[in-house]
1. State, to one decimal in nm², a quarter of the convex hull surface area for the C-alpha atoms of the range 129-283, i.e. the direction-averaged projected area.
2. Of Ser272, Ser221, Ser115, Ser71, how do they rank once you tally other Cβ atoms within 10 Å and put the fewest first?
3. Give the long-range amide H neighbours of Ser71: residues separated by 5 or more places, or on another chain, with amide H under 5 Å away, using H modelled in the peptide plane at 1.01 Å from N.
4. Considering only DSSP states other than H, G, I, E and B, which trypsin sites (Lys or Arg not before Pro) in the range 93-166 qualify as loop sites with at most 15 other Cβ atoms within 10 Å?
5. List the aspartates and glutamates whose alpha-carbon lies under 14 Å from that of Lys138, not counting same-chain residues fewer than 8 positions away?
6. For the range 26-95, run through the GluC sites (Glu not before Pro) and keep only the ones in DSSP coil with at most 16 other Cβ atoms within 10 Å of their Cβ.
7. Could you list the GluC sites (Glu not before Pro) in the range 130-239 that lie in coil according to DSSP, counting only those with at most 10 other Cβ atoms within 10 Å of their Cβ?
8. With a 10 Å Cβ neighbour count serving as the proxy for reagent exposure, in which order, fewest first, do Leu91, Leu269, Leu49 appear?
Amino acid sequence: MARGTTLSIDAMGGDHAPGVVVDGLALLVADRPDTRLILFGDEAALTPLVAAHPGLSGKCEIVHCEHKITSDMKPSQALRRGKGSSMWNALEAVKDGRAGAAVSAGNTGALMAISMLVLRKMDGVHRPAMTAVWPTLKGRSIVLDVGANVEADAAQLVTFAIMGEAYARATLGKERPTIGLLNIGSEEMKGHDEVREAHEMLRTLDLDLDYRGFVEGDDISMGSVDVIVTDGFTGNVALKAGEGVARMLATRVREALTRNLATKAGAVLAASGLAALREQMNPSNANGGVLLGLGGVSVKSHGGTDARGFATACRLAADLATSHYPEEVAANLARIQQRGTATG
């Protein structure tokens with residue numbers, strides 16, 4: 001577990017900021033008391049909120065920012081007008097070495113754009129990828145990309161696999177995560193050219209990855225592999241579809257269990273099992289998408305998260321900030337570049 005980490009927080013990002021943000025940080029330091037925090041935002045609004053949580057005393061530095069990135073601001077606008085905002089300054093703190101990771105629940109497109117500008121990309125990474133943690137029958141899996149790149153060529157998909165594998169080791173505790181490439185079938189001839197080319201590269205390049213080949217959509221929730229690689233368009237559609245199915249099932253189960261006295265009595269008898277299921281499906285336990293491939297750690301919390309979810313995103317940021325993820329990714333990217341030089 002990450003201890004003694006300093007996190008920079010965009011305290012004004014999100015649907016319920018800054019209240020939920022500060023409440024989440026209070027939960028974080030209760031679990032990880034050695035964590036230090038730099039809060040960027042409206043000092044007048046933040047000071048009483050922080051003071052309301054005695055556990056945050058002495059652990060928070062508040063840095064006043066005159067403005068914030070709004071939810072309706074386009075990425076191009078954020079790049080032009082965002083300098084000095086709470087989001088921009090939080091990322092600058094990572095760049096300057098004052099913090100090990102930045103966390104924001106603000107505008108996703110703006111966070112991606114500003115993160116790329118401030119933190120820059122790692123050598124060998126064409127585009128960063130956004131991750132999602134997916135609950136499965138076997139625990140949790142990592143899916144990437146889920147929205148940073150609408151399209152991805154074969155080389156980018158291979159890069160996603162490299163980054164996702166290192167990320168899964170850092171966050172899931174898997175010594176050797178398994179990897180699958182999302183496709184419309186498991187047969188070799190299935191899928192478009194880029195997917196098949198990426199499959200061949202992952203099979204033949206000396207990357208020291210536990211690559212299991214093609215996986216299909218239903219394999220994600222089954223937990224067939226630890227890391228599922230795809231382009232951002234497909235990944236985002238799968239993510240939103242999965243979230244919709246989960247909400248629909250929760251609604252239907254609730255309706256079924258409250259239909260009449262008999263079903264209500266059954267619900268009472270099954271209360272412990274239902275509570276465990278609700279806990280497993282709680283999105284607050286899997287909150288936090290990381291922009292992989294940057295020169296620093298930038299974590300996107302869901303904009304509508306609660307305090308518990310924001311704390312989860314911060315724990316994820318702290319774990320990744322103290323991992324060997326960057327070195328592992330750099331080593332495998334160097335292997336690809338050497339292979340290209342040798343065959344060029």
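Every read-out reported here was derived from the displayed coordinates using simple, explicitly stated rules and does not represent laboratory data. The structure presented is a predicted model; accordingly, all values stated were derived computationally and were not measured. Virtual Cβ from ideal backbone geometry, glycine too; neighbours counted across all protein chains shown.
1. Values: hull surface 39.6 nm².
With every direction weighted equally, the projected area is 9.9 nm².
2. Numbers: Ser272 8, Ser221 17, Ser115 29, Ser71 14.
The most exposed by this proxy come first: Ser272, Ser71, Ser221, Ser115.
3. none
4. Values: sites: Lys95, Arg98, Arg120, Lys121, Lys138, Arg140; in loops: Arg98, Arg120, Lys138.
Answer in residue order: Arg98, Arg120, Lys138.
5. Lys138 reaches Asp218, Asp219, Asp226.
6. Values: sites: Glu43, Glu61, Glu66, Glu92; in loops: Glu66.
The qualifying sites are Glu66.
7. On the way: sites: Glu151, Glu165, Glu175, Glu187, Glu188, Glu194, Glu197, Glu200, Glu216; in loops: Glu151, Glu175, Glu187, Glu188, Glu216.
Loop-located and lightly packed - Glu175, Glu187.
8. The fewest-first ordering by Cβ neighbours comes to Leu269, Leu49, Leu91.
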